[in-house]
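First up is the structure itself, then whatever we jot down about it.
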4 protein chains.
Amino acid sequence: MPSEFTITRQVEFHETDMAGIMHFANFFKWMECCEAALYRSLDLPLVSFVPGQVVGWPRVNAGCQYFAPLRFNDTATVKLYVKKIGTRSLTYVFQFHKGATLAAQGEVTVVCVTADAAGDMVAQPIPSAVRDLLQVAPESTWTVA
Amino acid sequence: MPSEFTITRQVEFHETDMAGIMHFANFFKWMECCEAALYRSLDLPLVSFVPGQVVGWPRVNAGCQYFAPLRFNDTATVKLYVKKIGTRSLTYVFQFHKGATLAAQGEVTVVCVTADAAGDMVAQPIPSAVRDLLQVAPESTWTVA
Amino acid sequence: MPSEFTITRQVEFHETDMAGIMHFANFFKWMECCEAALYRSLDLPLVSFVPGQVVGWPRVNAGCQYFAPLRFNDTATVKLYVKKIGTRSLTYVFQFHKGATLAAQGEVTVVCVTADAAGDMVAQPIPSAVRDLLQVAPESTWTVA
Amino acid sequence: MPSEFTITRQVEFHETDMAGIMHFANFFKWMECCEAALYRSLDLPLVSFVPGQVVGWPRVNAGCQYFAPLRFNDTATVKLYVKKIGTRSLTYVFQFHKGATLAAQGEVTVVCVTADAAGDMVAQPIPSAVRDLLQVAPESTWTVA
């Protein structure tokens with residue numbers, strides 16, 4: 001039952017901006033990449049459009065603190081921590097490290113939804129297949145000193 | 001029956017890269033923005049997911065020649081010309097001007113698709129609602145001297 | 001001395017994701033677009049690479065709450081409020097409205113930097129040209145009831 | 001002396017659009033990622049801002065043919081072939097495979113530039129460090145039957 005998950009990525013040219021650093025919005029994309037990799041590792045679908053089993057995880061809150069820039073060709077790790085498992089929502093903390101340097105720390109809350117008859121998103125309890133596979137990470141593991 | 005359509009856009013910070021210019025992939029996004037604006041102007045849906053009336057226009061070919069860079073805050077026009085109306089495909093030419101300077105010229109061919117019973121994309125004849133509203137632009141209007 | 005600034009944008013096809021809604025990271029791009037438009041309206045450079053007068057505004061904190069999705073072709077306003085003017089930092093609040101619906105609310109803190117001799121970013125006091133043109137918006141204007 | 005180079009990537013959620021497939025502009029980003037990986041493998045800088053040794057490779061032409069869509073979580077290879085080594089330009093062909101399926105084929109021509117005294121881009125001969133490390137791939141290797 002993982003409470004943490006790590007991916008490694010390299011900053012691509014198209015992810016930089018004219019200030020010569022990774023554009024701040026891309027950190028949010030990398031958080032989502034890490035979340036998707038976690039789901040793949042658990043053999044769980046991150047999204048499902050199967051009628052009657054529609055599952056999605058729209059974001060209700062996303063934030064990031066930036067401590068040091070990432071630059072083209074930099075290799076960085078993105079580490080996901082499960083901060084909170086609610087009835088219908090999950091909160092993740094993400095840490096971006098470039099070597100020993102904490103470049104950024106993010107937090108994202110997602111809500112589990114399905115589709116109602118009209119096709120609109122409706123919050124639903126987290127499927128047990130997901131709940132049974134995740135575990136909250138101790139706060140000490142991700143709290144920045 | 002329009003054969004041309006023009007939009008004006010300003011280069012945003014996030015569209016630049018570390019070379020200080022608009023990233024080359026963004027010209028393709030701007031072409032699509034112009035195409036979408038044309039469809040809105042004609043009150044036609046660019047995409048429809050209505051069962052039985054699914055319409056989409058996936059790209060089968062896209063190209064761009066770059067003559068001069070666009071930079072942050074630059075204002076540029078994107079002009080679409082209908083180059084060819086086929087049975088199931090449309091070909092557009094796009095010209096990007098910054099003032100009198102031709103910054104780039106692109107060409108995109110899209111195919112009209114619907115969804116088959118399995119949900120896969122299948123090419124279909126261009127709906128008459130679209131065909132009746134478009135007209136081929138004379139080659140002289142978009143040929144670069 | 002503006003304390004608010006509003007732009008209007010339309011959701012482009014490339015800004016959507018497979019869930020059929022505007023991807024959550026794009027809200028951060030739109031916030032930056034609004035900030036850039038404010039600077040243009042004040043005739044201030046958002047970024048300057050002139051040696052000795054280098055000015056940039058890297059983000060140190062960015063967050064967004066999502067209340068309702070935006071979809072392809074939706075028109076939305078992004079309204080910037082100056083929340084706080086610090087010595088070296090500015091905090092903006094952003095509200096996204098689709099008609100009367102508050103779709104999202106964000107907050108971004110940027111720090112004013114210049115480049116030191118080595119080319120690294122160093123925080124500096126906000127230039128008076130900027131400080132003199134901005135004014136804090138009353139909290140009542142942007143607080144969600 | 002490589003004439004080919006291959007990377008493997010997985011389609012991320014943010015790379016999809018509301019049609020449920022990887023947005024067509026992202027294929028151009030992947031081509032650039034493959035080119036950047038080739039340069040890293042050769043220990044060559046793709047871009048250099050060192051005064052007097054500024055090197056960049058702006059695109060003058062980019063195109064892509066799309067044969068089959070890529071979807072979220074799909075793993076695909078991007079294979080670069082050196083098609084032509086000119087005096088100041090390089091032309092690459094890129095093939096995207098998902099398993100045995102050719103999903104797309106692209107072609108990009110880049111020009112080697114340096115910066116003149118005013119900071120503007122000026123075409124220059126390809127540095128020998130680059131020229132000596134690349135080799136043209138036989139046309140038979142990348143021609144689609």
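A few remarks follow.
- Rolling a 1.4 Å probe over the protein heavy atoms gives the protein assembly as shown an accessible area of 42 Å² per residue.
- Degrees separating the helix D:24-41 axis from the principal Cα axis of chain D, which is the longest one: 50 degrees
- Shown for residue C:116: label points 7 Å from Cα along the beta-carbon vector, and their distances to the equivalent points in the other copies, 3.6, 5.7, 6.4 nm in ascending order.
- Ascending list, in nanometres, of distances separating the residue B:138 label from those of the other copies (7 Å, Cα toward Cβ): 5.0, 6.1, 7.9
- Computed label-point distance, nm, for sites residue D:68 and residue C:68 using a 7 Å Cα→Cβ extension: 4.2 nm
- Chains A and B together bury roughly 800 Å² of accessible surface, counting both sides and using a 1.4 Å probe on protein heavy atoms.
- The accessible area of residue B:139, taken with all protein chains in place and a 1.4 Å probe, comes to roughly 120 Å².
- With all protein chains modelled, accessible area of residue B:66 [1.4 Å, Å²]: 30 Å²
- B from D by rotation - nearest chain D beta carbon to the axis, in Å: D:63, 2
- Put simply, the Cα atoms of chain A extend 47, 34, 24 Å along their principal axes, the longest span coming first.
- Inter-label distance for residue B:101 and residue C:10, nm, one decimal - labels placed 7 Å from Cα along Cα-to-Cβ: 2.8 nm
- With the label put 7 angstrom out from Cα along the Cα-to-Cβ vector, residue C:48 ends up 3.2, 5.4, 5.7 nm from the copy partners, going from closest to farthest.
- Residue-averaged beta-carbon neighbours from other chains (10 angstrom radius) around B:131-137: 0
- Entry for the protein assembly as shown at q = 0.07 Å⁻¹: log10 I(q)/I(0) = -0.43, Debye formula applied to identical alpha-carbon scatterers, no solvent contribution.
- Across the stretch C:32-145, C-alpha contacts under 8 Å between residues 6 or more apart give a mean separation that, scaled by the residue count, equals a relative contact order of 26 percent.
- Between the stretch A:125-139 and the stretch B:123-145, the alpha-carbon centres lie 53 Å apart.
- Carbon-plus-sulfur accessible fraction, the protein assembly as shown (probe radius 1.4 Å, protein heavy atoms only): 53%.
- Cross-linked pairs B:29/D:29; A:29/B:29; B:29/D:79; C:29/D:29: Cα-Cα separations exceed 21 Å for B:29/D:79.
- Measuring between their Cα centroids, the stretch A:41-80 and the stretch D:2-33 lie 17 Å from each other.
The values are calculated or read from the model by the stated rules, or taken from the named source; none is laboratory data. As the structure is a computational prediction, the values presented were derived from the model and not from experiment. Using ideal geometry, Cβ is built from the backbone for each residue, glycine included, and neighbour counts are taken over all protein chains shown. These accessible areas exclude ligands, DNA and RNA; they are computed on the full protein's heavy atoms, side chains included. Shrake-Rupley method; radii C 1.70, N 1.55, O 1.52, S 1.80 Å.
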